[in-house]
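Below: one structure, written as structure tokens.
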Amino acid sequence: MDKSKRTFLKSKRSFRKRLPPIQSGDRIDYKNMSLISRFISEQGKILSRRVNRLTLKQQRLITIAIKQARILSLLPFLNNEKHFERTESTTRTPSLRARKR
């Protein structure tokens, strides 16, 4: 195929309208934990607007609600579910300190 013909070919994707993540009846509030928890990543970070498929106003309200819930300790600031254990390679030994001096 020529390059000129290749540029006009489009991939055929099925475009279906996705349902908005927040329905009109949902109230964006710091007390609505089931709604807020959908917009937080596994690390406890607030997901972006592009990932959430929210409008700008909805994203602002979600962000404010998440921050209020964190301040009132309804949500953690960091998600510490993974407890890191020190292995032998990361522990310090007295022999290493003696060599560096």
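The values are calculated or read from the model by the stated rules, or taken from the named source; none is laboratory data. Every value quoted in this text rests on a predicted model; they were computed, and no experiment measured them. Please note: Cβ atoms are built from the backbone with ideal geometry, for glycine as well, and neighbour counts cover all protein chains shown. Side chains are part of the model used for accessible areas, which takes the heavy atoms of the whole protein and leaves out ligands, DNA and RNA. Shrake-Rupley method; radii C 1.70, N 1.55, O 1.52, S 1.80 Å.
Numerical summary
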| read-out | value |
| --- | --- |
| Surface accessible to a 1.4 Å probe, per residue, for the residues of the range 33-72, Å² | 67 |
| Magnitude of the charge dipole, the range 33-72, Cβ model with Lys/Arg +1 and Asp/Glu -1, debye to 20 | 200 |
| Cut-off 12 Å between beta-carbons: net charge of the residues surrounding Asn32, Lys and Arg +1, Asp and Glu -1 | +1 |
| Three-way shape label, the range 33-72, alpha-carbon gyration tensor, a/c 1.5 | oblate |
